[in-house]
1. Among the residues of region 1-37, write down those that are farther than 22 Å from Ala117 by Cα and among the basic types (Lys, Arg).
2. Take the residues in region 93-109 that are within 27 Å of the chain's Cα centre (by Cα) and open to solvent by 50 Å² or more (accessible area, probe 1.4 Å), then tell me which one is farthest from Leu48 (Cα to Cα).
3. Regarding Ala117, is this residue under 25 Å from Ser2 (Cα atoms) and small (Gly, Ala, Ser)?
4. For the condition touching a His at 6+ places or on another chain (Cβ under 7 Å), open to solvent by less than 50 Å² (accessible area, probe 1.4 Å) and at pLDDT below 95, what is the one hit in Leu58, Leu17?
5. Just to verify a result, which residue in region 62-115, among those that are of a type in the set (Val, Ile, Thr) and assigned to a helix (DSSP H, G or I), is nearest to Asp12 (Cα to Cα)?
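The values are calculated or read from the model by the stated rules, or taken from the named source; none is laboratory data. These figures come from a predicted structure and were not determined experimentally. Ideal geometry is used to build each Cβ from the backbone, glycine not excepted, and the neighbour counts take in all protein chains shown. For the accessible areas, the whole protein counts, side chains as well, though only heavy atoms, and no ligand, DNA or RNA atoms are used. Shrake-Rupley method; radii C 1.70, N 1.55, O 1.52, S 1.80 Å.
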Amino acid sequence: MSRILVVDDREDNIKALSFDLLDDGYEITTALSGHQALLELQSNPPDLVLLDLLMPELDGFEICRRMQESPQRREIPIIVVSALDDNESIVRALDLGAQDYVTKPYYYPIIAARIRAALRQKKERDLLLQLNADLDTARTMAEAGMRAKSSFLTNMSHEVRTPINGITGMAQLLRESSLTLEQKD
């Protein structure tokens, strides 16, 4: 079950959005201020954030900026749900790290589709990161195996070369001595 953090300073907006999200089977966490949202992000990171921009003290723009400062929080998708519908606000929110932008009043099926898309992308990104980590582990193990193989072959070469040098030396001495043809063969 995906967990969504809904951040809005108006409780009625949170209730309306949470009602629909709960019906769709999401686990919902809420924050009525930017400060509360940052605390929730720190203590219990969600899979996705639905964020209002217009809030007193710490607005949604600042939350986006602070989320981008942290490598762990940077990976959490943000969908802005705001009454601001001017192009400058939309561009600013997207530049600060929001993945998507929906204006209020919203049509819930559109938000639901965007949430599904964002969670699908996050799941694929998380899988890709895990596969890359697995590949790095496999590469490290393969390199260690190659080093062990090289070390073994170096040691074996040395161990085989020493007695062969003795045999070759003895054969050279025997060839220079007076031997019958049968002995030389």
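1. Listed by number, the residues that qualify are Arg10, Lys15.
2. The first filter runs over region 93-109 and keeps only residues within 27 Å of the chain's Cα centre (by Cα), leaving 93-102.
Still in the running and open to solvent by 50 Å² or more (accessible area, probe 1.4 Å): 94-95, 99.
Values: Leu94: 15, Asp95: 18, Gln99: 10 Å.
Result: Asp95.
3. yes
4. Leu58
5. Taking the candidates together, the pick is Ile111.
Yes or no, residue by residue, for (1) within 22 Å of the chain's Cα centre (by Cα); (2) within 24 Å of Tyr107 (Cβ to Cβ):
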{"site": "Ile4", "(1), (2)": "yes, yes"}
{"site": "Glu11", "(1), (2)": "no, yes"}
{"site": "Leu48", "(1), (2)": "yes, yes"}
{"site": "Arg74", "(1), (2)": "yes, no"}
{"site": "Ile78", "(1), (2)": "yes, yes"}
